[in-house]
Amino acid sequence: MGKKDSMTKIITTLLQHRYDYLGIIGSGVCLVHCLLPTLLLLVNINLIETPFFNYVFLVISFIAVFNVTYHQRQWYLTAWLWGAFGLTALGVLFEDDLPGLEYLLYISTLALIVGHIRNIRHNQHCHACENDD
């Protein structure tokens, strides 16, 4: 009975935070996608880059941030996530036009990951406080 309860708790937690996990995974893959060509160029391997993947990551990030912040009561988490998303969108849209925006992409995707992790921790803390009552 104990294993079934713990498995149910794990599944419930995953479902409650699915958009945070989607955001973390999407931002992490985006970060790897941004860093990999740079690292491969250092060892003289040239990849053909297509902007399609950048836009896919942008859509995934938008879906994750929108769903996480839709009922968010903490204004600072909402501001953090939308600010990081805005910087990511700026970097994706104007990366070819403005030199140095790839660094903005690195920072903003890390900020998205941190924001989603912070949201998960905040929600766990709030649920722990509710269970104490």
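The values are calculated or read from the model by the stated rules, or taken from the named source; none is laboratory data. All figures in this text were calculated on a predicted structure; none of them were measured in a lab. Neighbour counts run over all protein chains shown; Cβ positions are idealised from the backbone, glycine included.
Quick notes
- Output for the stretch 81-106, where each listed residue is out of contact with any Ser or Thr (no Cβ under 7 Å at 6 or more places or on another chain) and surrounded by 13 or more Cβ atoms within 10 Å (Cβ to Cβ): Gly83, Ala89, Leu90, Val92, Leu93, Glu95, Leu101, Glu102, Leu104, Tyr106
- Top-ranked residue in the stretch 88-133 [being more than 16 Å from the chain's Cα centre (by Cα) and among the charged types (D, E, K, R); ranked as modelled with the highest pLDDT]: Asp97
- Counted residues, the stretch 56-78 - those being part of a helix (DSSP H, G or I) and modelled with pLDDT under 85: 2
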